[in-house]
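**Student:** Shown below is the structure under consideration.
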Amino acid sequence: MKFRRTTALLLVMACGFASVPGIARDLDQDEALRLRREGVIMPFEQLMQHIGNAYPGSTLLEAELEEEDGVLVYEVEILTTSGVVRELELDARNGNILKDEEDD
């Protein structure tokens, strides 16, 4: 009986965490490729043009495609020409920069 109660509690907690706003789900490369082929998201190369316009000459350090609160977002880290690491979030559908801050 104790095992069932513990299992039920863990399931309830897991469901609760799944519905917490602000939790992001990483998408793998197969999902990203499918979404790109279906025209749901822009090609990453086009999204990088938005970053290049804001930070000419910057270097890409890391990029992840995530789903945050139902919105597909690229989380990108770049190194600017002045040596500052910036974290940006771009809407994967249209390339709009949603967040732009210095990474600590």
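The values are calculated or read from the model by the stated rules, or taken from the named source; none is laboratory data. Just so it is clear, the structure is predicted and the values come from calculations on it, not from any experiment. Don't worry about glycine lacking a Cβ; one is built from the backbone with ideal geometry, like all the others, and counts go over all protein chains shown. To get the accessible areas, we keep the full protein, side chains included, count just its heavy atoms, and leave off ligands, DNA and RNA. Shrake-Rupley method; radii C 1.70, N 1.55, O 1.52, S 1.80 Å.
**Student:** Residues of region 20-33 being in a helix (DSSP H, G or I) and open to solvent by 80 Å² or more (accessible area, probe 1.4 Å), which ones? Working first, answer last.
**Tutor:** Going through region 20-33, the residues in a helix (DSSP H, G or I) turn out to be 29-33.
Correct list: Gln29, Asp30.
**Student:** Among the numbered criteria (1) open to solvent by 50 Å² or more (accessible area, probe 1.4 Å); (2) at pLDDT below 90; (3) among the small types (Gly, Ala, Ser), which one does Gly39 miss?
**Tutor:** The number of the failed condition is (2).
**Student:** Looking at (1) aliphatic (A, V, I, L, M); (2) at pLDDT below 50; (3) closer than 14 Å to Val73 by Cα, find the lone condition where Ile23 falls short.
**Tutor:** The one condition Ile23 does not meet is (2).
**Student:** Something else about it: Within the group Leu72, Leu65, which residue is within 23 Å of Leu33 (Cα to Cα) and either without any contact (Cβ under 8 Å) to a residue 40 or more places away in the chain or of a type in the set (Gly, Ala, Ser) (or both)?
**Tutor:** On the way: Leu72 fails: either without any contact (Cβ under 8 Å) to a residue 40 or more places away in the chain or of a type in the set (Gly, Ala, Ser) (or both).
The unique qualifying residue is Leu65.
**Student:** Could you list, in sequence order, the residues of region 46-65 that are buried (at least 16 other Cβ atoms within 10 Å of the Cβ) and either under 11 Å from the mean Cα position of the chain (by Cα) or under 22 Å from Leu27 (Cα atoms) (or both)?
**Tutor:** Of everything in region 46-65, those that are buried (at least 16 other Cβ atoms within 10 Å of the Cβ) and either under 11 Å from the mean Cα position of the chain (by Cα) or under 22 Å from Leu27 (Cα atoms) (or both) turn out to be Leu47, Met48, His50, Ile51, Ala63, Leu65.
**Student:** For region 72-104, name all the residues that are open to solvent by 30 Å² or more (accessible area, probe 1.4 Å) and over 13 Å from Leu61 (Cβ atoms). Full working, then the answer.
**Tutor:** Pass one, region 72-104, residues open to solvent by 30 Å² or more (accessible area, probe 1.4 Å): 75, 77, 79, 81-86, 93-94, 96-104.
Across region 72-104, the qualifying residues are Thr81, Ser82, Arg93, Asn94, Asn96, Ile97, Leu98, Lys99, Asp100, Glu101, Glu102, Asp104.
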